[in-house]
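Colleague: First the structure, then my questions, so here it is.
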Amino acid sequence: MVWIQTYTGKRFELLAPTAEMVCAQDIAHALSQLCRYTGHTTAHCSVAEHCCHVAAFLATEGHDAETVLWGLLHDAAEAYVGDVSAPLKMSIRPAAGGPSKFDIIEERVADAVALHFGVTRTEQMEARVNDADMRLLATEARQVFPRGMRPDWGIDHIEPVPNGVIGCWPAMRAETRWLETLFRLARDTGRTDLAREGIRLNPRS
């Protein structure tokens, strides 16, 4: 089998992931270490911070707690498969359309994450989270590059998040904030088992 060892010592099967293999501490730690835009930023801009901002924006827009929770988790699969740049992902998809092998693997991991956290993904939820994700992309791209955003990004039509400030949090802060947000949302959605998991696994809060 194809597997990786996680931060907490779990064996995570990449081609056959299960909900039992997923761990909040593993996700928080790994995402806090992953830098967006393949690291070409002024400072470390972690996937964990990005996910916190997506969740916060969804909350301010008045979406339900489960949608906000999936906003926090929407990139959680990257804790296991890595953060592959969107242009590369698109370039390896079949010319005739459809997902690449990587897309399929990543989606299976995302399904395991959703099952672990008890999230029922719907088309409406995915659309709302994707919209928030793109709004954060438009916000980040204008702030995190040392020479600014190139004009050929083609996202000028996407409105940035109002008053959105990307803090480029240190990894430890990003990990803790991600976990704190998860535990609050776990309580808000009645998932007390997840809150207990986090209290047990998070030594930094």
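Colleague: For the chain, with the dipole built from +1 on Lys and Arg beta-carbon atoms and -1 on Asp and Glu ones, taken about the Cα centre, which of Pro162, Ala28, Gly118 lies farthest toward the positive end?
Modeller: Farthest along the dipole direction, towards plus: Ala28.
Colleague: Okay, next question. Using Cα pairs closer than 8 Å and at least 6 residues apart in sequence, work out the relative contact order for the stretch 3-201, in percent.
Modeller: Working: 251 pairs, mean separation 58.3, N = 199.
Reported as a whole number, the value is 29 percent.
Colleague: Ok, one more. Separation of the stretch 110-175 and the stretch 1-39 by C-alpha centroid, Å?
Modeller: 20 Å
Colleague: For labels at His40 and Gln5 in the simple 7 Å Cα→Cβ model, what's the distance in nm?
Modeller: For the pair His40/Gln5, the computed spacing is 3.4 nm.
Colleague: A follow-up question, please. Return the calculated 222 nm mean residue ellipticity for the chain, to the nearest 500 deg cm²/dmol, obtained by summing -39500 (n - 2.57) across DSSP H runs with n ≥ 4 and dividing by the residue count.
Modeller: After summing the helix terms and dividing by residue count, I get -16000 deg cm²/dmol.
Colleague: Along the stretch 124-135, what does the Karplus equation 6.51 cos²θ - 1.76 cosθ + 1.60 (θ = phi - 60°) give for ³J(HN,Hα), rounded to whole Hz, x for Gly and Pro?
Modeller: 5, 4, 4, 5, 5, 5, 5, 4, 5, 4, 5, 5
Colleague: Let me ask something additional. Between Glu159 and Ala19, what's the calculated FRET efficiency when r is the beta-carbon distance and R0 is 30 Å? Round to 0.05. Please list the in-between numbers first.
Modeller: Details: r = 36 Å, r/R0 = 1.20.
So the FRET efficiency works out to roughly 0.25.
Colleague: Over the stretch 40-113, what is the mean sequence separation of C-alpha contacts under 8 Å (at least six apart), divided by residue count, expressed as relative contact order in percent? Write out the running numbers ahead of the final one.
Modeller: Values: 40 pairs, mean separation 20.0, N = 74.
Dividing the mean separation by the residue count of the stretch 40-113 yields 27 percent.
Colleague: For the stretch 1-53, what is the convex hull volume of its Cα atoms per residue in Å³?
Modeller: Once divided by residue count, the hull of the stretch 1-53 is 95 Å³.
Colleague: To continue, here is another question. Which whole-Hz ³J(HN,Hα) couplings does the stretch 50-59 yield from phi under the Karplus relation 6.51 cos²θ - 1.76 cosθ + 1.60, θ = phi - 60°, glycine and proline marked x?
Modeller: 4, 5, 4, 5, 4, 4, 5, 5, 4, 5
Colleague: Residues with amide H under 5 Å of Thr18's amide H, sequence separation 5 or more or different chain, H placed in the peptide plane at 1.01 Å from N; which?
Modeller: Hits under the 5 Å cutoff: Glu13.
Colleague: With +1 assigned to the C-beta of every Lys and Arg and -1 to the C-beta of every Asp and Glu, and no other charges, what is the dipole magnitude of the stretch 3-201 about the Cα centre in debye, to the nearest 20?
Modeller: Numbers: 20 positive and 27 negative charges, 96 e Å.
So the dipole magnitude of the stretch 3-201 works out to roughly 460 debye.
Colleague: Please compute the alpha carbon radius of gyration of the stretch 3-201, then divide it by the globular-protein estimate 2.2 N^0.38 Å. Two decimals is fine. Walk me through the numbers before you get to the answer.
Modeller: Working: Rg = 16.3 Å, N = 199, 2.2 N^0.38 = 16.4 Å.
Working it through for the stretch 3-201, the quotient is 0.99.
Colleague: Also: In nm, to one decimal, how far is the Ala86 label point from the Glu123 one, both placed 7 Å along Cα→Cβ?
Modeller: 2.2 nm
Colleague: Rounded to the nearest 0.05, what FRET efficiency do Ala96 and Met134 have when you use their Cβ-Cβ distance and R0 = 25 Å? If you can, show how the numbers build up before the last one.
Modeller: Working: r = 26 Å, r/R0 = 1.03.
That gives a FRET efficiency of 0.45.
Colleague: Quick one: Karplus J couplings for the stretch 17-23, per residue in order, coefficients 6.51, -1.76, 1.60, θ = phi - 60°, nearest Hz, x for Gly and Pro?
Modeller: Values, residue by residue: x, 10, 4, 5, 7, 7, 9 Hz.
Values quoted throughout were computed directly from the atomic coordinates according to the rules given, and no laboratory measurement underlies them. As the structure is a prediction and not an experimental result, all values here were calculated from the model. Virtual Cβ from ideal backbone geometry, glycine too; neighbours counted across all protein chains shown.
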